[in-house]
Amino acid sequence: MAPLRLGSVAPNFSAETTSGPIDFHEFIGDSWAVLFSHPADFTPVCTTELGEVAKLEPQFSKRNVKVIGLSTNDLADHSKWVDDINEVNNVSLAFPIIADKDREVATLYDMLDSVEHDASNVVNGIPFTVRSVFVIDPAKKIRLILTYPASCGRNFDEILRAIDSLQLSDRQPIATPANWQPGEDVIVHVSVPTDKAKEIFPEVKEALPYLRFATLPADEQVQNN
């Protein structure tokens, strides 16, 4: 199978989850999706991550994004673990978590760790997953891929920021600069002539011939705020 890249169609699969059986593409529907993996249930970093996503789920929903986790335990373990997650993080986790005990989805999405990278994440020759993130759009195309080691918890505020950038660049001919936050100036896409940019954006500032900053239209300033 060819490696998954930005622009690849996200492989479809059927799986058991804490919310019942799913067909992944049907689950996504007309929404965006974030698929994110966890090495195992009852692990400390994962417990904090899932709690954080439960807190942020309204922010994902506001952006028409469905979140779905994955861990390499069965549904019985998932159910007990969700109780821990809710108690420690003071949340009520409602999004599905895939039970990938046989690592079929983890293999499909190339999420598995290796002895060469982290021997502690491979037990009795069986690899656990790294902390993978796939952002997928309504056309089922992969738009962003992040991979963290098991030892490093993810920054989900950054994932939201990246989704804001992706969705904005779908609506407007722009790119976003380093450390951009929603509402700040953007960069005019290189394909747009400056004269045309001045028709699209309220203000265009030319720092260099190839670097032009623009203020977003008022209706874009309030998106997701």
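What follows is calculated from the coordinates using simple rules that are stated; it is not laboratory data. Fair warning: this is a prediction, and the values are worked out from it, not measured in the lab. Please note: Cβ atoms are built from the backbone with ideal geometry, for glycine as well, and neighbour counts cover all protein chains shown.
Using only alpha carbon positions, build the gyration tensor of the chain, then give the equivalent ellipsoid semi-axes as the square roots of 5 times its eigenvalues, largest first, whole angstrom.
On the way: eigenvalues 261, 68, 53 Å².
Rounded to whole Å, the semi-axes are 36, 18, 16.
What share of the DSSP beta bridges in the chain is antiparallel, in percent to the nearest 5?
Just about 70 percent of them are antiparallel.
Once you order the gyration tensor axes a ≥ b ≥ c over the Cα atoms, which shape class does region 133-225 get: rounded for a/c under 1.5, otherwise prolate or oblate by comparing a/b with b/c? Could the numbers behind the result be given before it?
Working: a/c = 2.09, a/b = 2.00, b/c = 1.05.
Prolate.
Give me the lysines in straight-line cross-link reach of Lys55: C-alpha distance below 20 Å, same-chain residues under 8 apart excluded.
Straight-line reach from Lys55, under 20 Å: Lys66, Lys80.
Among the aspartates and glutamates, which have Cα under 20 Å from the Cα of Lys196 when same-chain residues fewer than 8 positions away are ignored?
List returned: Asp170, Asp185, Glu206, Asp219, Glu220.
How far, in degrees from 0 to 90, does helix 44-62 lean away from the longest principal axis of the Cα atoms of the chain, to the nearest 10?
That helix lies at roughly 40 degrees to the long axis.
Helix 156-171 against the longest principal axis of the chain: what's the angle in degrees, Cα atoms only, rounded to the nearest 10?
The two axes meet at around 40 degrees.
So, with +1 on the Cβ of K and R and -1 on the Cβ of D and E, and no other charges, what is the size of the charge dipole of the chain about its Cα centre, to the nearest 20 debye? Each step should come with its number before you reach the end.
Numbers: 19 positive and 33 negative charges, 123 e Å.
Dipole about the Cα centre, nearest 20: 600 debye.
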